[in-house]
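What follows is a short report on a single structure.
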Amino acid sequence: QQAILGHIMDSEHIFHHVSERFMERLDELSGGSFAVDYHPGGDLGDWTSITEQVAQGAVQMTMTYNHSELDPRWDLSVLGYVASDWDAAQKIYGPGSVMEGVYAGIMNDLGMELLGIIPTDFAGFIVRKGKAVPVNFPEDAAGMKMRVPGMPMAIERYNALGFSPVPMAFSEVHTALQTGAIDGRAYSPPVEVPMFSDVLEAYVFTREHFEHTFWVANKAWFDGLTDEQRGWLTEAADEAVSGSWELAQSQSAKWLAEIEAGGVDVVELTPEQQEKHRALVIEAEYPYMENIVGAEIMDQIRAAAGTN
Amino acid sequence: MIALFIVLIVVVFFLLIEVPVGFAFGIGALLYGYMSGTDISFHAGFGYTQISAFSLLAIPLFILSGTLMGASGISDRLLNFVNSFVGRTKGGLGAVTVITCAIFGAISGSASAAIAAIGKIMVPRMIREGYPPGHATALVAVSSVLALLIPPSIPMIVFAIAIRESVAKAFLSTMIPGILLAIIYCGLNFWFLRNNRTIVVQPKLPAQETVRQIAITGKQASLAILMPGIILGGIYSGIATPTEAGAVALVYTLFVGILIYRTLSWGNLFNSTVEAARLTGAIIMVLFFLFVMSRGMVLAKVPTQFADFLLSISDNRIVILLLINLLLLLMGMIIDDVSGSVLAAIILLPVTQSIGLDPIHFAGIVGVNLGLGNISPPCAPLLYMAGGVTKQPLSTYIGPTMKFLMLGHLPMVFLVTFIPELSLWLPSLLG
Amino acid sequence: MTKDLLHIDSLDDVIGTSPIRPVPEHDRPPSPIHSGLGPVYAAERGIAWLMRVIMFLAIISLGLLMAAQVFMRYVISAPFLGIEELAPLLAVWVYFLGMAYCSRERDHIEGGMMTLVIKNPRLLTALRLLGSVATLITIVIFMRFAWDFVAFNYSVGRRSTYMRLPKVLWDVSLLIGLALMTFYAALQCLAEARALFITRGRGK
Ligand code: NA
Ligand code: NA
């Protein structure tokens, strides 16, 4: 058996560590009979394209983000202020969680099997050089052009926070920060900050949502494996995923240190600033999300997040 | 690797029998998928996804603004302006051609637009004044490449996307080489013509009259001269991204052509616009099938194998750089610049990474090499286009072209390869 | 064989060294290569006109839209949020209709220098026909996979992220572009095959 596993990240990213662990274990379990053709670094296309390739069976496995064009319910994964810390995040999104079941259902509708949820980190936003760093919302954010991913919910959030949200292709972000066409980039976990270090003033680590990602396989391919092969695959994947929580947390600290070493200020909000920020985000996003996924799922999330 | 070699031969065969470059790669991609046993079912979807990228939008926008600049007479005004400086010296018209191509390059992303806009006017004028027709045509062909080296540049947009680097930085990587090359071509032009006796030089004007001419033509060309400032200034001051700058240039051209110069009639506008859309289609089609072909190669891990192979020949940086140049030169001979950019990015990027080459320096090397490839036979679109526009047979201008390339462009390739500052200094100012 | 070839040299009016186009040029008398297909060519002229109009509207709107975006973001600080979706929508239509139009005019980027080496029109035509047939097969295969791709997007009800427009509006450009290219490649093969046939008939 041979399968392609592709993702867009380099050897520093948690995707790579999880992949390596998975491949090693799979090799052991199958005695080398289950080979993985590994394509990191995005050589098979950007993450949306690789996800589509998995859904359609041209590639067997990938690690991916919320591809809301395929299913808007997927935006649950960037809903703000669901988890307040790492322990809460693991309870809400980790192995055996309710959310894991919700996501598995979404993936199934798209012809994919969820192999596991891989945590990356909490997210904040970056601010370009020479720009005052906003910490009080919405007042400080007035007139700031903030690049957001082109999702309605992201635009709602950053509008509510007082920014001018600018949707822009990722490939243009670095130049646009450099020249000042935009003033910052939203939805940035620490791992995605150092690549912009040379043009940044600060990283505001708001922890506004917990970014987690999806390890998926093509369903038809997965179902077509023998029971034994499927057993090896899920065992290796489960082990790699359960190890990923501790790993992600330790990597977070490492990336924050690297950001500061690169001359970029890491700014944390005071409890009062944070509370104002949180209220704005929840007020803007939760009704929007409820429209898409329904009250039942949202009630579960509110219960978990303590935002009843 | 053997499968790839066979596929390469098939692709070259189809290229030689005049199958369009894109389709030749399409044929190659299917054959390669079949031979290597890799997936081809997503090829069409992949090519489609890749060309729908937002950053590729700069291509239609720069092509359209370039086409409309030609149609609205902006290039004529530029020519007259440059002519008022050096037109009345022996070989002066040649220098005017080179310099105007360079200035035109700063507002247009494509070299063929430069040939169409400048070649059509300058070559007949040069021949009328006694220039050898071969020299005149060759000069237009080699100078048109300046439009690719001086930003904006379509191959550089494509290349930057393929290696996931900043388009703005990639633009700047070939700018100094482009300006140097313009100076060298001016010098070579005068030198090649030094013993010529057929050229009739218009009598020199008194200094006062020259100044008056410069003022008059300068005023007429002022809206055109402003244009590079609008485009490059727009990009590097943060008003617009490179993609948007193409749109700003377009609106400016429409404004000047329709309302100020009043040279863009409705029919003129419609036809030029359709022509630009067609040219866009021609370029994007090549990209579509190249992205497909590259996916096939990536699935079979060709780039990494190729890198290992090159590094097994030698791990000496200079040797590797020379090998890269040799490959780019060969690539440039058989295909066009846009295809070359993608292929170079995909096949050579792993090698350049392992010898620690700065990606923007790599962009400079690729840009200068592929510029050369565009005018080096057998696949030399710019060379044939120059002959087509000026109605000269290849035999009259192939000789002079080779002299310009050997003494001008080829040495520049080596300078850019071994003096990284030529490509890195300007981008470094961006911070 | 050589004799045959020598005879053919006198048939420059039917088949020369320059490539044959898939459809007759509008302002020229129809050559025997294109005879008998009048209704097809008449319909084709209508299609070509429509392609020109769509390309014109799409590429001009693209330019104006992007320029408006610069103005809105930079001058009034309120960017148009759907642009990341609308601009590529206009662009893919320009791309695929532009490609098909190049097939119509035989105006694709090509690298051959065959005419510098081979002077025999029949051999040239035969080689070009070989290339055209390979092209036709290739496009048809791509068309088949493109169909699967578009059908998948349709089956999951894929919509653009911000404006929630059906992705079919984008995707159909790919299918129509490939369909038109198939159409022109088929006409190209036909014209070249007939040219080859006609010269053989007259050469004897
Ligand atoms: Na240029
Ligand atoms: Na060439």
Seminar exercise, completed: If every Lys and Arg gets +1 and every Asp and Glu gets -1 at its Cβ, then about the Cα centre chain C yields a dipole, in debye to the nearest 20, of 280 debye
Seminar exercise, completed: When the charge dipole of the protein assembly as shown is computed with +1 on Lys and Arg Cβ and -1 on Asp and Glu Cβ about the Cα centre, the Cα farthest towards its positive end, among A:TRP245, B:SER52, A:SER188, belongs to B:SER52
Problem set entry | Dipole magnitude (debye, nearest 20) for the protein assembly as shown, charges at Cβ of Lys, Arg, Asp, Glu | 5620 debye
For this session: Evaluate the Debye formula for region A:100-215 with equal point scatterers sitting on the alpha carbons, no solvent, and hand back log10 of I(q)/I(0) at q = 0.17 Å⁻¹, in q order, two decimals.
Result: -0.84
Problem set entry | A:LYS129 long-range amide H proximity, modeled H, under 5 Å | A:LEU200, A:GLU201
For this session: Please calculate the 1.4 Å probe accessible area of B:LYS169, with all protein chains present, and give it to the nearest 10 Å².
Result: 30 Å²
Seminar exercise, completed: Any lysines whose Cα falls less than 19 Å from that of A:LYS131, other than same-chain ones fewer than 8 residues away, would be A:LYS145
Exercise. Per residue of the protein assembly as shown, what 222 nm ellipticity follows from adding -39500 (n - 2.57) for every DSSP H run with n ≥ 4, rounded to the nearest 500?
Worked result: -21000 deg cm²/dmol
Exercise. So what J values fall out for region B:180-197 if you push phi through Karplus, 6.51 cos²θ - 1.76 cosθ + 1.60 with θ = phi - 60°, rounded to Hz, Gly and Pro as x?
Worked result: 4, 5, 4, 5, 4, 5, 4, x, 4, 4, 5, 5, 4, 9, 4, 9, 5, 10
For this session: DSSP loop (so not H, G, I, E, B), at most 11 other Cβ within 10 Å: list which trypsin sites (Lys or Arg not before Pro) in region B:254-344 pass both filters.
Result: B:ARG262
Seminar exercise, completed: Shielding of B:168-176 by other chains, given as the mean Cβ count within 10 Å, works out to 1
Exercise. Of B:LYS204/B:LYS403; A:LYS91/A:LYS254; A:LYS276/C:LYS167; B:LYS90/B:LYS219, which sit over 28 Å apart, Cα to Cα?
Worked result: B:LYS204/B:LYS403; A:LYS276/C:LYS167
Problem set entry | Centre separation in Å (Cα based) which lies between region B:266-321 and region C:88-106 | 19 Å
Exercise. Ordering B:LYS90, B:LYS403 from largest to smallest accessible area (1.4 angstrom probe), what's the sequence?
Worked result: B:LYS403, B:LYS90
For this session: Scan chain A and report its longest stretch carrying no GluC sites (Glu not before Pro) that are both in a DSSP loop and have at most 16 other Cβ atoms within 10 Å.
Result: A:13-267
Seminar exercise, completed: For region C:76-93, in residue order, the Karplus 3J(HN,Hα) values (coefficients 6.51, -1.76, 1.60; θ = phi - 60°; whole Hz; Gly and Pro = x) are 10, 6, 9, x, 7, 6, x, 5, 4, 9, 6, 4, x, 4, 5, 5, 4, 5
Problem set entry | Protection proxy ranking of C:145-153, B:206-214, A:175-183 - average other beta-carbon atoms within 10 Å, highest first | A:175-183, C:145-153, B:206-214
Problem set entry | For the protein assembly as shown: rounded, prolate or oblate by the Cα gyration tensor [a/c cutoff 1.5] | prolate
Problem set entry | Nonlocal amide H pairs with A:MET146, under 5 Å, H built at 1.01 Å | A:SER164, A:VAL166, A:ASP183
Exercise. Normalized C-alpha radius of gyration of region C:36-201, against 2.2 N^0.38 Å?
Worked result: 1.33
Exercise. Rounded if a/c is under 1.5, else prolate if a/b beats b/c, else oblate: with a ≥ b ≥ c from the C-alpha gyration tensor eigenvalues square-rooted, which is chain B?
Worked result: prolate
Exercise. Using modelled amide H (1.01 Å from N, peptide plane; none on Pro or chain starts), what sits under 5 Å from the amide H of A:HIS212, excluding residues fewer than 5 places away?
Worked result: A:THR120
Exercise. Taking chain A as a Gaussian network, Cα atoms linked when under 10 Å apart, which of A:GLY45, A:GLY184, A:GLY80 shows the biggest mean-square fluctuation?
Worked result: A:GLY45
For this session: Shielding by partners for A:109-116, please: the mean number of other protein chain Cβ atoms within 10 Å of each residue's Cβ.
Result: 1
Exercise. Pick from C:PRO39, C:PRO166, C:PRO19: which residue has the top mean-square fluctuation in a GNM of chain C where Cα pairs under 10 Å get a spring?
Worked result: C:PRO39
Problem set entry | With DNA, RNA and ligands ignored, accessible area of B:VAL319 (1.4 Å probe; Å², nearest 10) | 60 Å²
Exercise. Of A:VAL193, A:VAL241, A:VAL102, which has the largest mean-square fluctuation in a 10 Å C-alpha GNM of chain A?
Worked result: A:VAL102
Problem set entry | A:ARG207 accessible area, 1.4 Å probe, all protein chains in place, Å² to nearest 10 | 80 Å²
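The values are calculated or read from the model by the stated rules, or taken from the named source; none is laboratory data. No experiment lies behind these values; they were computed from the predicted model shown. Note: ideal-geometry Cβ built from the backbone for every residue, glycine included; neighbour counts use all protein chains shown. Side chains are part of the model used for accessible areas, which takes the heavy atoms of the whole protein and leaves out ligands, DNA and RNA. Shrake-Rupley method; radii C 1.70, N 1.55, O 1.52, S 1.80 Å.
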